[in-house]
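Below: the structure, in structure tokens.
Bear in mind that the values in this text are calculations on the coordinates, not laboratory data. Every value quoted in this text rests on a predicted model; they were computed, and no experiment measured them. We place every Cβ from the backbone using ideal geometry, glycine too, and count neighbours over all the protein chains shown.
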Amino acid sequence: MHNKRLLDSFNFAIEGLIYVARTQRHMRYHLMMAAMALFFAIYSNPPFDIQEMIILLLTITLVLVSEMVNTSLEAIVDIVSPEYSSLAKIAKDVAAGGVLLTTINALVVGYLLFFNRMKEMGPSLFEQADNVRVYIILIGVILTIMIVVFAKVATRRGTPMQGGVISGHSAVSVFLASAIFLLSHGESMLISVAGICLALLVIQSRLETEVHTPMEVIGGSLVGLIMAFALFEFLV
């Protein structure tokens, strides 16, 4: 009987993992990024030592667990408060904020672990970046966001983080992908393709959730693309 209960517990836990991966879009993104990070960690040069691998695994686990807790909390809130409630909204927003913090932490950890190795994988990108003032990219992101916010204010459509006449997420992601490509002059294909793939994932998420229409996503992408080429044409 004890062994049967233990087996049932494992089955329920696995069912929970499968449910989150099958139903939660963000969980699928986290899993894909985790797989990419582990792939680069295994085949990186120099290879990860034990301490670095432990840090990477703990960081990945923290992000995945936070997404699962967020999904569980959302389900509980929906049961307790099926109708709209400001307190229910606060509970969901705070849980989502926890996921955001763990994701930001994962990005910082990834930067610290992979930066020197990425220099070996794509030296041309970083050799070019050394000759470019770092603030150009920051200026580009700020200007892109300002254009998106101005468009939302002018048309009175959407909120700062959602909706609107053009997709801000698409604009920023395409700007960053274009900046990476322009900095490397297209020579570091691994880094360039990774940036383009991430931008496409962001664009796809805006369409899949129906936050933006195809035209709004195209408009945002054009804003990011034009901003990148304009800045690097006149300032670099």
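Given the C-alpha atoms of the range 2-121, compute the convex hull and give its volume per residue in Å³.
Taking only Cα atoms, the range 2-121 has a hull volume of 139 Å³ per residue.
In percent, how large is the relative contact order of the range 171-236, given Cα pairs closer than 8 Å and 6 or more residues apart?
Worked out over the range 171-236, it gives 51 percent.
How large is ³J(HN,Hα) for each residue in the range 85-100, as worked out from phi by the Karplus curve 6.51 cos²θ - 1.76 cosθ + 1.60 (θ = phi - 60°), to whole Hz, x for Gly and Pro?
Each residue of the range 85-100 in turn: 8, 5, 5, 5, 4, 4, 4, 5, 5, 5, 4, 5, x, x, 5, 4 Hz.
Measuring from label point to label point, each 7 Å out along Cα→Cβ, what is the I76 to E208 span in nm?
Simple spin-label model gives 2.7 nm for this pair.
Between C197 and V108, what is 0.36 nm times their sequence separation minus the Cα-Cα distance? Round to one decimal in nm.
Taking C197 through V108 to full extension adds about 30.1 nm, to one decimal.
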